[in-house]
Amino acid sequence: MTVPRGLIAGAGLAILFIAGALLSFLWTPYDILTLSIPDRLQPPSAAHWLGTDHLGRDMLSMVMMGARTSIAVALLAVGIGMGLGVPLGLWAAARRGSLLDEVIMRGNDLIFAFPSLVIAILITAVFGAGAMNAIIAIGIFNIPVFARLTRGAALSFWARDFILAARVSGKSPARISVEHILPNIANLMIVQGTIQFSLGILAEAALSYIGLGAQPPMASWGRMLADAQTLVSIAPHVALVPGFAIILLVLGLNLMGDGLRDMLDPRIRVARV
Amino acid sequence: MIRYTATRLISLCISLIVASLVIFTVVEVFPGDPAAYMLGVNAQPDTVAALRAELGLDMSRPARYLAWVSGMVQGDFGQSYTYRTPVSQMIMDRIWVSLPLALFALVLTVLIAFPAGIYAASRRGGAGDIGVMGATQLGVAIPNFWFAMILVLIFAIHLRWFSAGGFPGWDKGLWPGIKALILPAVALALPQAAILSRVMRSSLLDMLGEDFIRTARAKGLSRRQALWRHALRNAMIPVLTIIGLQFSFLLAGGIVIEQVFFLPGLGRLIFQAISARDLIVVESVVMLLVFLVIVVNFAVDIAYAAVDPRLRVRR
Amino acid sequence: MTLLAVQGLNVSIRAVQILHEVTLEVAAGEVVAITGESGSGKSMTALAVMGLLPDRSMATGRVVLDGADLLALSEAQMCSIRGRDIGMVFQEPMTALNPVQTIGAQVAETIRIHEGIGKAQAWTRARDMLARVGLPEARFPLTRYPHELSGGQRQRVVIAMAIALRPKLLIADEPTTALDVTTQAHILDLLRDLASEFGMGLLMITHDLAVVAQMADRIVVMQKGRVAETGPTAQLFAAMKHPYTRALFAASAHRVNLPPAPAPVPLLQVRGVTRTYRQPRRSLFGPRAVVDAVADVSFTLHKGERLGLVGESGCGKSTLTRAILGLEDVQAGEITLNGAPVWSANRSNLAVRRQMQVVFQDPYGSFNPRHRVSRLITEPFHLLPHPPQGEVRDAAIARALTDVGLSPDDAHKYIHEFSGGQRQRIAIARALINDPDLIVFDEAVSALDVSVRAQVLDLLADLCRKRPLSYLFISHDLHVVHSVTDRVMVMQAGRIVEQGVTEEVFGNPQHAYTKTLLAAAPRLPEIGGISHVT
């Protein structure tokens, strides 16, 4: 089994950001809660590697703190999607053609009619803005992604003879789903999980950009971009730095997902929506 | 075909009913009393009661739901709590920005993705394929609103080809309106086009591995002919699914992009409504967005049957 | 006159040589069959002639069609030859046609692509061609889509496409392997008639020696990418110079030596079993049509007996199998094993089910690829109230593996480390692990090469000598059923139309359907010294 180059590059990028996010719990170059107006909008320098923002805060420290928010939100959202979507998909597949299957799948279709942004709008309108909204909104949208994928993959296994052999051995559909089907679709879920993780980063950035996600003082890349919007012509780095942070992390995760797929099973088909 | 359309139509209606129930429940049942919100904590109880009566909040919830739905069917979305103007009027003013933007972006997405995906698939493993795939890998990673900011920086601020934002209104003529939407549509479309190109390519490659392509080649078709005549139409089935999903992303993404370009679309309306706690507006706009998504997915289902004869008889 | 001459053809894919110095000839109007087991390179030879080898393959040598070396031609030149001078028919008719195009358009395309004539004209000729292959427009309009046709009908469409321009050479790669025996007979007749009518050379690739014997003027036997032996059919079968040819023939004609069946004591009793399925609604609120998959089936399988069940696809064999295994309930009738019902009180009766096991057809899909052999073959322990643990379990695994001719050490391997034949042995080991009374073989040797199949059939005979086993042997292959059963049942459209002692049913069939089946099955030629059947 050779490791694809894209996987190494992608994993390298992802690990860089995750390490930065973890490091921010212990140390950042500057304290982002300390404002220093005289130092504002400085371009990158030896003192501030990525420059400073409109309030004089160190951009590198902000990017590290923002990585924390992005990664946490996206990871939890994938957790919600997988945690609910995979069992639902397995259940639907085990009872294929039944009313239950129909209800689960139509429910999925319905959620697909609510883009995560719309869910976030609804939640915010009712409960107010916050990072939790982003997690729930993105997480809910991930459920049908995993449920459909799981059901489709599980159905292809239900048609195989080894499942019939397990049934002849008296095993229940639930047991077969856990013992035979889940291990065989695990690769697919890992690959799709990576892709949803990267989509979660993008969605979190968009939500906090329009003010429906993380609220100050929590740092977030989307908020950094929202702050940068009116300053982009004076100090382009305030927009470029968080933008590139998002692009590099998402690119890294996507390369990782594609690489994992190539390594684990080239036949896996990833849904990228 | 008629039966297929009929079943899809029924499923469309059910989706709409369930969606409206979900939205109504979330917005009207959870947050308490909009009248009290609007008047503030110091309001007199009788003022609140009067407002409640005026807004129809004194009815039972099922009655309110029915009134809301039957109103919507007739094009009456109720009165804005804040502005006291018909919500339908507010929506109509905005939708002629948001909908053209989403459709414009959808057209751009398809116009970019189809040639790119077909080109990459027909040159599988070659330099052209690797180039397109690299570009799409990057395109998928770029947040559309950031890309929009960069476009503004380059084309509006530095080159001054476009204005940095705002919308002149369609009454100023077709071209000024379209011109104002070009940058937003490009920003929305490019990341989605990257996704669709990849789907197009992989779907085509799947089809090129099918037995019927070998049959076509045995008839004397060249690779290119086999791709255009046999693989493409079969490959459209998964591509249509993605296009349907992408429409909802373009519509929702438009809300974000409108913020970058200060466009007076549904996005602006909804954010004003959220900050003013004008729940009836939020509810109506969300319902409208969901309605559009469901209708587009219905159209995709019908398109499936046009592409795939197997669907016309089954289901 | 030589139409096609393949001379010293070498093919390698990614530096692995697949074909070695393959040489063969086809004359106009002649039927030449290439035969051999899987991996012999017979299909690759056909694809090399067509110029449709997989990517990254290299072909050297000469493939001369009518004086022109095809290997020297450009891709564009090959495109003008494929479909016009050479037509090709493939194995799997279900996937060989474009699902979103009408059959008329697909046949007309062959004509239009080469002759550049108008649509109306091409369709007229497509109509004639489809009528010639047995799909007259009155019953099969050109606007039909492939999914509206059966497998045999689809294969006719593929043939119509291949011969639309009356090519000089028709290549047929296992054209009937995916079809039922009666359909196979019709398609073979059609191919032979077309070859003589059009004066086409027919290069047929098939693993089935009986089909070869029936169809071919000359035979090419291939083994591991080389031509083992070639010659006119009668001579080749008479002489069989090459040991591989003899081995192949012996394996094809192989008959197992069954121990005599003991005195009849009922084991499995099926009484008046009916299983119906409800079809999807035709109109939105219309009634759902009900189809009898199995209708009023009754039979008894005795202890120690080997009972065969033959029938074509869709006859209800699989449904009956699932009902016997207790995977599905039946609408009417009763199935008992040792007197106890397999299905009682609305659920499957586990105590009964542990007395039977099953072996499936597909040696590759029958095992979870993520489990080791030890776990795979002990899965039926789940049926036991107290599954054996530790040493008892290990001993049971070792015994089962040894009984099927494998080593106890194989228990620690994964399934991908085994060949198709070994996998079927593992499947049998899994069936044996609970010491069942009855084993159901559901097309269990159908996917195997003849030599491997002969070994597995011998193993089955061997096992029922050692253990008190009864077999229910379900297959579409009449020869296999003939050789491995004591009694046989013939199933058609959900009903058992004939049952009796195997030799009697095969020697003197009573029911019209049985007669049709037996007449349709290709036969190996009578050759002194080697016994054979059907």
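Between C:Thr274 and C:Arg226, take the C-beta separation as r, use R0 = 45 Å, and let me know the FRET efficiency to the nearest 0.05. The partial results should precede the final answer.
On the way: r = 54 Å, r/R0 = 1.20.
It comes to 0.25.
With r defined as the distance between the Cβ atoms of A:Ala72 and A:Ile37 and R0 fixed at 25 Å, what FRET efficiency is calculated, to the nearest 0.05? Numbers along the way, then the final one.
Details: r = 30 Å, r/R0 = 1.19.
With R0 = 25 Å, the Cβ-Cβ based efficiency is 0.25.
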For segment A:105-165: Kirkwood Rh in Å [reciprocal of mean 1/r, alpha carbons]: 13.2
Solvent-accessible area lost in complex, 40 Å² minimum, residues of segment C:369-416 relative to chain alone, 1.4 Å: C:Arg370, C:Glu379, C:His382
Dipole-positive endmost among C:Ile335, C:Leu169, C:Leu448 within chain C (Cβ charges, Cα centre): C:Ile335
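Under unit Cβ charges (Lys, Arg +1; Asp, Glu -1), what dipole magnitude, rounded to 20 debye, does segment C:174-309 have relative to its Cα centre? Before the final figure, lay out each step's value.
Values: 15 positive and 11 negative charges, 130 e Å.
Roughly 620 debye, rounded to the nearest 20.
Give me the net charge of C:Thr319's neighbourhood, meaning all other residues with Cβ under 9 Å from the Cβ of C:Thr319; Lys, Arg count +1, Asp, Glu -1. Please list the in-between numbers first.
Details: positive: C:Arg275, C:Lys317, C:Arg322; negative: C:Glu328.
So the surrounding residues net to +2.
Please give me the summed charge of the neighbours of C:Glu75: other residues whose Cβ is under 11 Å from its Cβ, Lys and Arg +1, Asp and Glu -1. Please report the intermediate quantities before stating the final value.
Values: positive: B:Arg217, B:Arg223, B:Arg224, C:Arg82; negative: none.
Around C:Glu75, the charge tally is +4.
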Value of relative contact order over chain C, rounded to a whole percent, pairs C-alpha under 8 Å and six or more apart: 15
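What number comes out for accessible area per residue over the protein assembly as shown if the probe is 1.4 Å? Units Å², please. Walk me through the intermediate numbers first.
Numbers: 45290 Å² over 1122 residues.
Roughly 40 Å² per residue, with all protein chains present.
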Isotropic mean projected area of the C-alpha convex hull, the protein assembly as shown (nm²): 52.9
Heavy-atom accessible area, 1.4 Å probe, ligands and nucleic acids excluded: residues of segment C:57-101 down by at least 20 Å² from chain alone: C:Glu75, C:Cys79, C:Arg82, C:Phe90, C:Thr95, C:Ala96, C:Asn98, C:Pro99, C:Val100, C:Gln101
Charge dipole magnitude, Cβ of K and R +1, D and E -1 - the protein assembly as shown, Cα centre, debye nearest 20: 720
Two-site label geometry, A:Leu248 and B:Thr82: point separation in nm, points 7 Å out along Cα→Cβ: 3.9
Among A:85-91, B:44-50, A:219-225, the order from most to least packed when residues are scored by Cβ within 10 Å on average: A:219-225, A:85-91, B:44-50
Segment B:222-250 versus segment C:479-529: alpha-carbon centroid distance in Å: 49
Spin-label pair C:Asn346/A:Ser98, simplified geometry with 7 Å Cα→Cβ offset, distance in nm: 1.3
Table column - 3J(HN,Hα) (Hz), segment C:170-186, Karplus curve with 6.51, -1.76, 1.60, x for Gly and Pro: 10, 9, 10, 9, 6, x, 10, 4, 8, 10, 5, 5, 6, 5, 4, 4, 5
Overall dimensions of segment A:158-259 as given by Cα atoms, namely Rg and Dmax in Å: 21.9, 72
Residues whose placed amide H lies under 5 Å from that of C:Ala293, excluding near-sequence neighbours: C:Arg275, C:Thr276, C:Tyr277
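Over every pair of different alpha-carbon atoms in segment B:1-147, take the mean of 1/r and invert it; report that Kirkwood radius in Å. Show your work: numbers first, answer last.
On the way: mean 1/r = 0.0490 Å⁻¹.
With all distinct Cα pairs of segment B:1-147 included, I get 20.4 Å.
So which of C:Lys317/C:Lys413; C:Lys42/C:Lys168; C:Lys317/C:Lys515; B:Lys219/C:Lys42; C:Lys303/C:Lys466; C:Lys42/C:Lys119 end up more than 25 Å apart, counting from Cα to Cα? All intermediate terms of the calculation are to be shown ahead of the outcome.
On the way: C:Lys317/C:Lys413 34 Å; C:Lys42/C:Lys168 20 Å; C:Lys317/C:Lys515 19 Å; B:Lys219/C:Lys42 21 Å; C:Lys303/C:Lys466 14 Å; C:Lys42/C:Lys119 37 Å.
As for pairs spanning more than 25 Å Cα to Cα, those are C:Lys317/C:Lys413; C:Lys42/C:Lys119.
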For C:Gly87, distant residues with modelled amide H under 5 Å away: C:Leu169, C:Leu170, C:Ile171
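If eta is 0.890 mPa s and T is 25 °C, what Stokes-Einstein diffusion coefficient results for chain B, Kirkwood Rh from Cα pairs, in µm²/s?
Using the Kirkwood radius from Cα pairs, D works out to 110 µm²/s.
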Set of aspartates and glutamates near C:Lys241 by C-alpha distance (under 13 Å), chain-local residues within fewer than 8 positions excluded: C:Glu229
For segment B:129-148, residues shielded by at least 20 square angstrom of accessible area compared with the chain on its own, probe 1.4 Å: B:Gln137, B:Leu138, B:Val140, B:Ala141, B:Pro143, B:Phe145, B:Trp146
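Quick one: divide the alpha-carbon radius of gyration of segment C:258-358 by 2.2 N^0.38 Å and tell me what you get.
Details: Rg = 15.8 Å, N = 101, 2.2 N^0.38 = 12.7 Å.
Dividing the Cα Rg of segment C:258-358 by 2.2 N^0.38 Å gives 1.24.
Provide the net charge surrounding C:Leu3, with neighbours chosen by a C-beta distance below 11 Å and charges set as Lys +1, Arg +1, Asp -1, Glu -1.
Working: positive: C:Lys168; negative: C:Glu25, C:Glu30, C:Asp66, C:Asp85.
Cβ neighbours under 11 Å give a net charge of -3.
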Nonlocal amide H pairs with A:Tyr30, under 5 Å, H built at 1.01 Å: A:Ser61
Selection from C:Ala72, C:Ile18, C:Ala108, by position along the positive dipole direction of segment C:1-123 (Cβ): C:Ala108
Magnitude of the charge dipole, chain C, Cβ model with Lys/Arg +1 and Asp/Glu -1, debye to 20: 1000
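Where does segment C:92-166 land on the Kirkwood hydrodynamic radius, alpha-carbon pairs, in angstrom?
Values: mean 1/r = 0.0843 Å⁻¹.
Averaging 1/r across every pair of different Cα atoms and inverting gives 11.9 Å.
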Dipole of segment B:220-315, positive end: most advanced residue of B:Gly267, B:Ile237, B:Ile257 [Cβ charges, Cα centre]: B:Ile237
Karplus-derived HN-Hα couplings along segment B:213-226 (A = 6.51, B = -1.76, C = 1.60, θ = phi - 60°), whole Hz, x at Gly and Pro: 5, 4, 4, 4, 5, 5, 6, x, 6, 6, 3, 5, 5, 4
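For chain A, what does the convex hull of the Cα positions come to per residue, in cubic angstrom?
Numbers: hull volume 39.4 nm³, N = 273.
Residue-normalised Cα hull volume stands at 144 Å³.
The values are calculated or read from the model by the stated rules, or taken from the named source; none is laboratory data. This is a predicted model, so every value here is computed, not measured. For neighbour counting, all protein chains shown are included, and Cβ atoms are generated from backbone atoms with ideal geometry for every residue, glycine included. Surface areas here come from the heavy atoms of the whole protein model, side chains and all, with no ligands, DNA or RNA. Shrake-Rupley method; radii C 1.70, N 1.55, O 1.52, S 1.80 Å.
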